[in-house]
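The values are calculated or read from the model by the stated rules, or taken from the named source; none is laboratory data. Computed from a predicted structure; not experimentally measured. When we count neighbours, we look across all protein chains shown, and the Cβ atoms used for this are built from the backbone with ideal geometry, even at glycine. Surface areas here come from the heavy atoms of the whole protein model, side chains and all, with no ligands, DNA or RNA. Shrake-Rupley method; radii C 1.70, N 1.55, O 1.52, S 1.80 Å.
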Amino acid sequence: MSLDPLPHQSPATTDGDFRVKDLSLADWGRSEIELAEREMPGLMALREIHGGAKPLAGARITGSLHMTLQTAVLIETLVELGAQVRWSSCNIFSTQDHAAAAIAMGKTGSPGQPRGVPVFAWKAETLDEYWELLDLSLRFSGGRGPNLIVDDGGDATLMIHLGLKAEADPAMLDQTAESEDETALLRRLKMIRAEDPKRWFRTVTQWYGVSEETTTGVHRLHKMAKEGSLLVPAINVNDSVTKSKFDNLYGCRESLLDGIKRATGVMVAGKIAVVCGFGDVGKGCAQSLRGMGARVIVTEIDPICALQAAMEGYQVAKVEDFLDQGDIFITATGCVDAISARQLSLMKSGAIVCNIGHFDHEIDIAGLKRIPGIRRVNVKPQVDRWVFPDGREIILLAEGRLVNLGCAQGHPSFVMSASFTNQVLAQLALWAERTKASPGVRVLPRRLDEEVARLHLDKLGVRLTTLDARQADYLGLDADGPFKSDSYRY
Ligand code: NAD
Ligand code: RBV
């Protein structure tokens, strides 16, 4: 096997309490953050409403979420509301280095005197660096941890839960890991334990909650709640309607093709595209591919989603039916091995393969690497040709990790404004109820969800109809909402 890994260059480490690739990118980052702010009316409105009262004063918040321009606006909103913030990314490829630099430098800082927020992230981290940077973002002064976490995919939550468990049972850090990622996490936890055996115990005594951004992270939270191991109250931001029915759907509808195009420049029209999974993300992906003229095939395990896809006019098939015909394969399932290594080896030569779900195991990359005689030829960062011994090849994007964030800039600001307005509302709720709420997973009330949508209407010139008293009475509603029951599906 020849893996031909890219030579890894560790970014410049500054002396300050942050680690970014290159602080000289800060001015560029700052101008792009200012452009993003114009497209993020929800977050800007929260600054306006709460900036004076500083309701997050005293709160120490750690974020583990893609360090992008949009996240920069989220971070500075949390700071404006009074929080002390530290940040790392939740994906090794998703950081936008100019955004990270601008956050580290701050609006009033300079390269010689940075005055921003401690941020620990750069594009193309190794797995060991990834967990180290997350670890650093969880260290506040005086040996303290965060009070609140903004998580995306659940890695910060996992690190604390596993770290605490290992303080009681250190042998678990010697267990055989199931992936390279887990191996790196266990290695980091071992180092932490050797340095400070009570670190996580101290952390959890003042940890009051987590708000989770994405579907996969919410699955992890529900699993922990079911097992009874979840330590804190959790707000499921993903299932706010103004998150999953917008970000996952319309966000991916724009950013999937942005990633594929920047990576390969491929003509999509006329191609056969196979989308695995027809949930919120898969629906957005399928629609954009069809819009650009691809013939879209959908794979599903759920009969309801399969029927939906068929009624939308997509052919629903098994992935193995199209291995020799598909030109572009996209996984959007949140599942493991949606495409197996054997299936990769049977694909038409030249097929483009990528994933837009959270982790890198939707496509069995570990299995691909183990195929005897396989060769990796790097085309450019985050684009690799994998050549099989018989000479056929596939083009793999972002090493099987989020293609829209690894190969492009992630979702546009406007849709992230809705997601992140929910995040801030969740942090406000968790902080307001600190020490009072019990562990468990819940969503924000529908009233707040409607408020998030309302904050985004003016920007699009939407004129909303208002119920008069007779109409409100007839429908049995308050004229100001909420307008739907909690079970309504949108
Ligand atoms: P979802 O639950 O709405 O949809 C996933 C769908 O995949 C479901 O309909 C499920 O039945 C189907 N599925 C599961 N296993 C399958 C398999 N083996 N083969 C075919 N279909 C299968 O979830 P979602 O909100 O669409 O999120 C999907 C993934 O994308 C998650 O990991 C989520 O965290 C991630 N996500 C990524 C982005 C991004 O910007 N890249 C944005 C939002 C969500
Ligand atoms: N996502 N963030 C961006 N531009 O910052 N783009 C996508 C961005 C988030 C999105 O909310 C999704 O749920 C999560 O990334 C998956 O990790």
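Could you list all residues from region 308-326 that are within 28 Å of the chain's Cα centre (by Cα) and either within 16 Å of ligand 2 (Cβ to nearest atom) or open to solvent by 30 Å² or more (accessible area, probe 1.4 Å) (or both)? Show your work before the answer.
So in region 308-326, the residues within 28 Å of the chain's Cα centre (by Cα) come out as 308-309, 312, 314, 316, 318-319, 326.
Answer for region 308-326, where residues must be within 28 Å of the chain's Cα centre (by Cα) and either within 16 Å of ligand 2 (Cβ to nearest atom) or open to solvent by 30 Å² or more (accessible area, probe 1.4 Å) (or both): Gln308, Glu312, Val316, Lys318.
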| query | In the list Ala234, Ala194, which residue meets the criterion of being away from ligand 2 (no atom under 14 Å from the Cβ) and surrounded by 16 or more Cβ atoms within 10 Å (Cβ to Cβ)? | reply | Ala234
| field | Selection count, region 356-406, where residues are of a type outside the set (A, V, I, L, M), within 16 Å of ligand 1 (Cβ to nearest atom) and assigned to a helix (DSSP H, G or I) | value | 5
| query | Only one of (1) under 21 Å from Glu362 (Cβ atoms); (2) away from ligand 1 (no atom under 12 Å from the Cβ); (3) open to solvent by 10 Å² or more (accessible area, probe 1.4 Å) fails for Ala273. Which number is that? | reply | (3)
| remark: Expected single match for polar (S, T, N, Q), more than 25 Å from Tyr314 (Cβ to Cβ) and either under 17 Å from the mean Cα position of the chain (by Cα) or within 15 Å of ligand 1 (Cβ to nearest atom) (or both) among Thr242, Thr299 is Thr242
| said: Within region 335-355, take every residue that is assigned to a loop (DSSP other than H, G, I, E, B) and surrounded by 20 or more Cβ atoms within 10 Å (Cβ to Cβ) and give me the one that is farthest from ligand 2 (Cβ to nearest atom). | reply: Met347
| Pairs, first farther than 9 Å from Thr95 by Cβ and modelled with pLDDT under 95 in region 111-123, second of a type outside the set (Asp, Glu) and surrounded by fewer than 23 Cβ atoms within 10 Å (Cβ to Cβ), C-beta under 9 Å, six or more apart | Pro111/Ser24
| request: Among residues belonging to region 213-252 that are among the aliphatic types (A, V, I, L, M) and not in a loop (DSSP other than H, G, I, E, B), point out the one that is nearest to Ser438 (Cα to Cα). | output: Ala234
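Return a yes/no flag: does region 436-443 have any residue that is crowded, with 24+ Cβ neighbours inside 10 Å and within 16 Å of ligand 2 (Cβ to nearest atom).
In the first step, residues of region 436-443 are kept if they are crowded, with 24+ Cβ neighbours inside 10 Å; the result is none.
No, region 436-443 has no match at all.
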| Gly209: within 12 Å of ligand 1 (Cβ to nearest atom), open to solvent by less than 30 Å² (accessible area, probe 1.4 Å) and touching a strand residue (DSSP E or B) at 6+ places or on another chain (Cβ under 7 Å), yes or no? | no
| remark: Scanning region 165-179 residue by residue, those open to solvent by less than 40 Å² (accessible area, probe 1.4 Å) and either on the phi > 0 side of the Ramachandran plot or out of contact with any Ser or Thr (no Cβ under 8 Å at 6 or more places or on another chain) (or both) turn out to be Ala166, Glu167, Met172, Leu173
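Test Ala351 against the criterion of being more than 15 Å from the chain's Cα centre (by Cα) and within 15 Å of ligand 1 (Cβ to nearest atom), and give yes or no.
Taking the combined requirement at face value, the residue does not satisfy it.
Taking the options Val383, Val377, Val424, Val403, name whichever one is surrounded by fewer than 18 Cβ atoms within 10 Å (Cβ to Cβ) and at negative phi. Step through it out loud before you land on a result.
Working: Val383 fails: surrounded by fewer than 18 Cβ atoms within 10 Å (Cβ to Cβ); Val424 fails: surrounded by fewer than 18 Cβ atoms within 10 Å (Cβ to Cβ); Val403 fails: surrounded by fewer than 18 Cβ atoms within 10 Å (Cβ to Cβ).
None of the other options fit; the residue is Val377.
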| message | Of the residues Leu256, Leu221, only one is more than 29 Å from Pro482 (Cβ to Cβ), buried (at least 17 other Cβ atoms within 10 Å of the Cβ) and of a type in the set (A, V, I, L, M); which? | response | Leu256
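For region 52-67: of the residues being assigned to a loop (DSSP other than H, G, I, E, B) and open to solvent by 10 Å² or more (accessible area, probe 1.4 Å), which is nearest to ligand 2 (Cβ to nearest atom)? Break it down into steps so the answer makes sense when it comes.
The initial filter retains those residues of region 52-67 that are assigned to a loop (DSSP other than H, G, I, E, B), namely 52-59, 65-67.
From what's left, open to solvent by 10 Å² or more (accessible area, probe 1.4 Å): 52-55, 57-58, 66.
Values: Gly52: 27, Ala53: 27, Lys54: 25, Pro55: 24, Ala57: 26, Gly58: 27, His66: 5 Å.
Going through the qualifying residues, I end up with His66.
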